[in-house]
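Below is one structure; the comments refer to it alone.
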Amino acid sequence: MDISRTHLIEDLNSSMEGQDVVFGGWIVDLRKLGKMAFLTIRDVTGMCQVIVKGDSMNLLEGLNRQSVVRITGKVQASKAKDFDFEIAASEIQILAKAEYPLPIDPIGRLESDIDNRLNSRALDMRNQKTASIFKLRHHVLSSIRETLSKEKFIEITTPKIIGSASEGGANLFGLDYFGNQAYLAQSPQLYKEQMTIGLERVFEISGFYRAEKSHTGRHLSEFTSVDIEAAFMDYTDVMNVLEKLIVDVFRKTSEKCKIEQEHIGNQIKVPDSPFERITYSQALDELKNDDIKLEFGDDLMDSHLRILGDNHPEFYFLTDWPMKLKPFYIHEKDDDPTLSRSFDLQHGYLELSSGGRRLHDPEQLKARLKEQELDPANFSDHLESFGWGMPPHSGWGLGLDRLMTVLIGIDNVREVVLYPRDPDRLKP
Ligand code: AMO
């Protein structure tokens, strides 16, 4: 059976009147009016109206919406208010029937809650709003790759099954690896640092795993991280790369994705740059004005970030955190060793990224591991590479799913992930 198409729906237009076309898609609407019927057909590029008369009417008996059809017909002018042309069908092939009723209404006329939509996720992709979220995600990924490639970063893929913890012991999923203990990677931290030895500037976009029992709109057990690492760059240099990457993402999607913005009901606004930069100590002062008294070295909790987020509702960097709050690989400041060359990128209260300058001296790194009660023996492969000429380097990890929620203007990461994994969801 021939299943080919001559056109996608977006290629059809009123100037093609009289032309024969073959296209395929799903029946969104089917209305019979006496001896004729009006079908609305959707493919991934758009929707159009089809008029059916004569013998083909028999085929429509018992045919449900969302069934797959292939239409052969002629383009003609239309009097319908939503379409300026339509297709007069000469042949309708039914390629697959959809069952009735479907678990969710893919058109979105009947609203389904997020759980039902996630349970029938493939069908949810026929909803134009959902499809637009994932088309935007595609454009965000291409923009990120374009920006980083221009800055001479090389895309790498590091292992996701690892033999020892890359970020310390907490929040690791363990698994049995042919009788040995293995883990799912929390981040590419150690590998990306090692790669600066030979490739200098690297990036990775991959799923990573955190065994956090968090039930929030911003935590997932499997999330997509954009990671970079660069030799001969300090933390302020990689902050500049991050800022450029974010501005490029917003600018390119706002220019390229007009229809998607209509479908999601949100106009993408290019953020002002440079982003505001405040230090951890300045943040403590701001909180003091709100009667929140924190000591130097206290971590900023969700409630504190909410207050800071009210003061700084757009993108801003929170820099120079106390060393004691930072992972073992973060470098101290030259003028004050209690402070680190590190930063978080925030959007309001939401943390989007963290990063910093790394220790590149193996002895210092060993000392920091011990300070944090980690056993250097578990990092022997990593430490070995530091003897091979490790350049000074910096990097960051950016939560792609969280960035998508900011771009789209929603507050649940589950909306922007195809099949989210959280403590309550392992299927489908
Ligand atoms: P961190 O642990 O802060 O840093 O993670 C970096 C960014 O990843 C995102 N993220 C998450 N998103 C969704 N669900 C989660 N459970 C989750 N955990 C983290 C956040 C966060 O800001 N190795 C360092 C980065 C570096 O220094 O290069 C790291 O992993 O947006």
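Which of the residues spanning the stretch 310-355 are of a type in the set (Asp, Glu) and not in a strand (DSSP E or B)?
Of everything in the stretch 310-355, those that are of a type in the set (Asp, Glu) and not in a strand (DSSP E or B) turn out to be Asp310, Glu314, Asp320, Asp334, Asp335, Asp336.
Find all pairs meeting these conditions: Cβ atoms under 9 angstrom apart; at least six residues apart or on different chains; first residue within the stretch 208-224 and on the phi < 0 side of the Ramachandran plot and of a type in the set (S, T, N, Q); second residue in a loop (DSSP other than H, G, I, E, B) and within 6 Å of the ligand (Cβ to nearest atom).
Qualifying pairs under 9 Å: Ser214/Leu220; Ser221/Arg210; Ser221/Glu212.
Of the numbered conditions (1) among the basic types (Lys, Arg); (2) closer than 29 Å to His331 by Cα; (3) under 17 Å from the mean Cα position of the chain (by Cα), Arg121 fails exactly one; give the number of that condition.
If we test Arg121 against (1) among the basic types (Lys, Arg); (2) closer than 29 Å to His331 by Cα; (3) under 17 Å from the mean Cα position of the chain (by Cα), just (2) comes out false.
Which of the residues that make up the stretch 250-293 are touching a strand residue (DSSP E or B) at 6+ places or on another chain (Cβ under 7 Å), outside any helix (DSSP H, G or I) and either over 19 Å from Ser353 (Cα atoms) or not charged (D, E, K, R) (or both)?
Answer for the stretch 250-293, where residues must be touching a strand residue (DSSP E or B) at 6+ places or on another chain (Cβ under 7 Å), outside any helix (DSSP H, G or I) and either over 19 Å from Ser353 (Cα atoms) or not charged (D, E, K, R) (or both): Pro271, Phe275, Ile278, Thr279.
Please enumerate the residues belonging to the stretch 217-249 that are part of a helix (DSSP H, G or I), of a type outside the set (Lys, Arg) and surrounded by fewer than 20 Cβ atoms within 10 Å (Cβ to Cβ).
Result: Thr236, Asp237, Asn240, Glu243, Val247, Asp248.
Each row is one residue, and each column tells you yes or no for (1) under 40 Å from the mean Cα position of the chain (by Cα); (2) modelled with pLDDT under 95; (3) more than 20 Å from Leu123 (Cβ to Cβ).
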position	(1), (2), (3)
Ile9	yes, no, no
Ser15	yes, no, yes
Gly34	no, yes, yes
Gln49	yes, no, yes
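Within 14 Å of the ligand (Cβ to nearest atom) and in contact (Cβ under 8 Å) with a residue 24 or more places away in the chain: which single residue out of Gly389, Gly356 fits that description?
Sole residue among the options that is within 14 Å of the ligand (Cβ to nearest atom) and in contact (Cβ under 8 Å) with a residue 24 or more places away in the chain: Gly356.
Looking at this structure, is Lys192 within 14 Å of Ile228 (Cβ to Cβ), among the basic types (Lys, Arg), modelled with pLDDT of 95 or more and within 12 Å of the ligand (Cβ to nearest atom)?
Yes: the conditions hold for Lys192.
Run Asp43 past the list (1) crowded, with 16+ Cβ neighbours inside 10 Å; (2) farther than 18 Å from His263 by Cβ and report the number of the one that doesn't hold.
It fails just one condition, (2).
Does the stretch 99-127 hold any residues that are touching a residue at least 40 places away in the same chain (Cβ under 8 Å), not charged (D, E, K, R) and not in a helix (DSSP H, G or I), and which are they?
Matches in the stretch 99-127: Pro106, Ile107.
Which members of the stretch 156-193 meet the condition of being closer than 12 Å to Tyr209 by Cα and of a type in the set (Lys, Arg)?
Lys160
Report the residue count in the stretch 283-302 for those that are of a type in the set (A, V, I, L, M) and over 32 Å from the mean Cα position of the chain (by Cα).
Qualifying residue count, the stretch 283-302: 2.
Name the single residue, out of those in the stretch 398-416 being more than 9 Å from the ligand (Cβ to nearest atom) and outside any helix (DSSP H, G or I), that is nearest to Asn171 (Cα to Cα). Don't jump to the end; show me each part of the working.
The first filter runs over the stretch 398-416 and keeps only residues more than 9 Å from the ligand (Cβ to nearest atom), leaving 404-412, 414-416.
Among the residues that remain, those that are also outside any helix (DSSP H, G or I) are: 409-412.
Numbers: Gly409: 29, Ile410: 26, Asp411: 23, Asn412: 21 Å.
Filtering the stretch 398-416 for residues that are more than 9 Å from the ligand (Cβ to nearest atom) and outside any helix (DSSP H, G or I), the one nearest to Asn171 (Cα to Cα) comes out as Asn412.
Among the candidates Gly297, Gly309, single out the residue that is surrounded by 11 or more Cβ atoms within 10 Å (Cβ to Cβ), of a type outside the set (A, V, I, L, M) and touching a strand residue (DSSP E or B) at 6+ places or on another chain (Cβ under 6 Å).
Gly297
Only one of these is among the aromatic types (Phe, Trp, Tyr), surrounded by fewer than 17 Cβ atoms within 10 Å (Cβ to Cβ) and within 13 Å of the ligand (Cβ to nearest atom): Phe178, Phe173. Name it.
Going through Phe178, Phe173 in turn, the sole match is Phe173.
What number goes with the only condition from (1) within 11 Å of the ligand (Cβ to nearest atom); (2) more than 27 Å from Leu245 (Cβ to Cβ) that Asn378 does not pass?
(1)
Suppose we filter the stretch 328-339 for residues that are under 18 Å from Ala230 (Cα atoms) and either of a type in the set (Ser, Thr, Tyr) or near the ligand (Cβ under 9 Å from one of its atoms) (or both); how many remain?
Total meeting the criteria: 2.
The values are calculated or read from the model by the stated rules, or taken from the named source; none is laboratory data. A quick note: this is a predicted structure, and the numbers were derived from the prediction, not measured. For neighbour counting, all protein chains shown are included, and Cβ atoms are generated from backbone atoms with ideal geometry for every residue, glycine included.
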